[in-house]
Amino acid sequence: MAAPADATPETSLPHIVPAPVELTPRPGTTFTLDADTAVHTHPGSPEALEVGEYLAGILRPSTGYPLPVAQGESDRGVVLSLSGADPVVGAEGYRLDVTEDAVTIRATTAAGLFAGVQTFRQLLPAAIEAADEQPGPWTAPGVTVLDHPRYPHRGAMLDVARHFFPPAEVKRFIDLIAGYKINHLHLHLTDDQGWRLEIKSRPELTARGSLTQVGGGEGGFYTQEEYRDLVAHAASRHITVIPEIDLPGHTNAALVAYPELNADGVAKEPYTGIEVGFSSVAIGSDATYEFIDDVLGELAALTPGPYLHIGGDEALKTPEDEYVAFIRRLLPIVAKHGKTALGWHEYLKAEPAPDVLAQWWGTDPKAPELVAAAERGNKVVLSPGNRSYLDMKYDEHFALGLKWAGYVEVRDAYDWDPGAYVEGLPADAVLGVEAPLWTETVERREHIDRLVFPRLPAIAELGWSPRTTHDWESFRGRLAAQAPRWKVQGVDFHPSPQIAWDEV
Ligand code: IFG
């Protein structure tokens, strides 16, 4: 794509989010997808073939082209190869070359090919995202891209407890975050208002604990088959699911289901409000840990990923010594089931072993307990409430969301450095970032879209792109170019006044 004579450098570059490590235009070069284009995937690799089929699944509906996918080498068409990539790309990076004759993505893993496909998508016209046939031409500007992520943990969280979202909605969420190279989906499965996952040894959790949600609606839950299917769908997008069973607080739904989990042995009433911190399982009762063992045992068997998130937040009714004792009895159960614990940062009070992870949701860059944990060897995932919480209002006029962490506009979500945000936290203690969407005020797809877009791409860029590419003016220009794609995809994004949406 030859840069127009009067264009300043950045306007002639393709608008990719997250920003790649290196992108070099090939002026005067254009690749055109046509009815004869085929997709060639690395011979002998079923995983590469799956990425090829995924890509064809995006391109076929909008172009109307057959786009056959077959294993084999080629110097024409779309080529997904697991050889020839510069080792610098690592486990998730890729090299992308677009020439007149071929679009070639080289990686060392299928995850890297998948990441390269997300970049290739953004080189094609927005109409490529359509579910029905559109007029072409289907051109991509000639480029060479060398790319790999800054952090291995790039997450988004969906709270399906406050408001329940059926599997199809979660799959759509997965598909959208995959477009921005997010590679972890944290599912907040349990809270005061609902228990959302079938546990066969504890049937009352869903029989009694899933019947409602915030506002009194009918709630719902995932059968184990549905959960396995969600995990498989995420895996096909190279996303690892991190399921959360929040303990000891945020447990009213479990307390409704099993009287013995209550300190007084009396089952609680269902709760449909949005207060927090009022519930706790009985800390000292053996029945509690037998319950946890049953739940985490089944959850671990359903979860191929390495992590179980055990929550730990806002146990406001639990004295600190009891809370620490609880965490210290809980963590061995996670390990017994072969998983690594992840928890909200409060559980660091128990000074857990260095292999467990903490998810920090503070708002003050002064977090001595986090720094102390890092010094003990714990790695952290950063989710600062005033930067990454997607349920925060954009501004005082925004109808949806909460505001306990303050207003979070796009620039607030973008303009911070995970590697230097928490004072005194060593950069190498940061495993990555995660953007939580809590759903107290989120009832349906449009609500998800308006809170998640356009701020999730900001967090995704912080997780993927090198610090050297960090630039608000560049980002806001590239973000504006996402809007035509969201419109085609039916994403009801919030048109933040901070972005020049019409200057695309
Ligand atoms: N804090 C609670 C969430 C949710 C959130 C809403 C954490 C770890 C406020 N805990 O964030 O359950 O209510 O913004």
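Things to note:
- Every residue from region 250-278 that is open to solvent by less than 20 Å² (accessible area, probe 1.4 Å) and over 13 Å from G194 (Cα atoms): L261, N262, G277
- Answer from V39, V117 - the residue that is in contact (Cβ under 8 Å) with a residue 40 or more places away in the chain, open to solvent by less than 50 Å² (accessible area, probe 1.4 Å) and in contact with a Gly (Cβ under 8 Å, 6 or more places away or on another chain): V39
- Pair list, Cβ < 6 Å and 6+ apart or interchain, from region 190-214 residues that are within 16 Å of the ligand (Cβ to nearest atom) to residues that are part of a strand (DSSP E or B) and open to solvent by 30 Å² or more (accessible area, probe 1.4 Å): none
- Number of residues in region 334-345 that are assigned to a helix (DSSP H, G or I), open to solvent by 10 Å² or more (accessible area, probe 1.4 Å) and in contact with a strand residue (DSSP E or B) (Cβ under 9 Å, 6 or more places away or on another chain): the value is 2.
- When residues of region 399-431 are limited to those that are surrounded by fewer than 23 Cβ atoms within 10 Å (Cβ to Cβ) and within 14 Å of the ligand (Cβ to nearest atom), the one nearest to T363 (Cα to Cα): A405
- Filter result for L59 (at pLDDT 95 or above and either open to solvent by 20 Å² or more (accessible area, probe 1.4 Å) or closer than 25 Å to P135 by Cα (or both)): yes
- Checked against (1) in contact (Cβ under 8 Å) with a residue 60 or more places away in the chain; (2) more than 30 Å from E225 (Cβ to Cβ), Y347 meets all criteria but (1).
- Lone qualifier among L296, L331, L308 - being surrounded by 15 or more Cβ atoms within 10 Å (Cβ to Cβ) and in a strand (DSSP E or B): L308
- Taking the listed residues V160, V145, the one that is within 16 Å of the ligand (Cβ to nearest atom) and aliphatic (A, V, I, L, M) is V160, with no other qualifying.
- Test result for E434, within 16 Å of the ligand (Cβ to nearest atom) and surrounded by 24 or more Cβ atoms within 10 Å (Cβ to Cβ): yes
- Looking only at residues of region 28-75 that are hydroxyl-bearing (S, T, Y) and in a strand (DSSP E or B), we find that the one that is farthest from the chain's Cα centre (by Cα) is T29.
- Test: residue in region 381-388 that is of a type outside the set (K, R), in a strand (DSSP E or B), out of contact with any Ser or Thr (no Cβ under 6 Å at 6 or more places or on another chain) and in contact (Cβ under 8 Å) with a residue 60 or more places away in the chain: yes
- Candidates in region 356-383 are the residues that are under 20 Å from D428 (Cβ atoms) and either within 11 Å of the ligand (Cβ to nearest atom) or aromatic (F, W, Y) (or both); of these, the one that is surrounded by the most Cβ atoms within 10 Å (Cβ to Cβ) is Q359.
- Per the listing D321, D395, the residue uniquely of a type in the set (D, E) and in a loop (DSSP other than H, G, I, E, B) is D395.
- A search for C-beta distances below 6 Å between a residue of region 397-416 that is more than 22 Å from L479 (Cα to Cα) and of a type in the set (K, R) and any residue that is within 11 Å of the ligand (Cβ to nearest atom) and open to solvent by 20 Å² or more (accessible area, probe 1.4 Å), counting only pairs 6+ apart in sequence or on different chains, returns K403/K393.
- Scanning region 395-423 for residues that are of a type outside the set (D, E), more than 20 Å from the chain's Cα centre (by Cα) and farther than 22 Å from R154 by Cα turns up H397, F398, A399, L400, L402, K403, W404, G406, Y407.
- Test: K349 is open to solvent by 10 Å² or more (accessible area, probe 1.4 Å), out of contact with any His (no Cβ under 7 Å at 6 or more places or on another chain) and either away from the ligand (no atom under 16 Å from the Cβ) or among the aromatic types (F, W, Y) (or both): no
- Answer residue from region 189-210, given it is of a type in the set (A, V, I, L, M) and in a helix (DSSP H, G or I) and is most open to solvent (accessible area, probe 1.4 Å) among those: A207
- Residue check, S496 within 20 Å of the chain's Cα centre (by Cα), modelled with pLDDT of 95 or more and of a type in the set (S, T, N, Q): no
The values are calculated or read from the model by the stated rules, or taken from the named source; none is laboratory data. Worth saying up front: this structure is predicted, and the values here are computed from it rather than measured. Don't worry about glycine lacking a Cβ; one is built from the backbone with ideal geometry, like all the others, and counts go over all protein chains shown. Quick note on the areas: whole protein, heavy atoms, side chains included, nothing else; ligands and nucleic acids left out. Shrake-Rupley method; radii C 1.70, N 1.55, O 1.52, S 1.80 Å.
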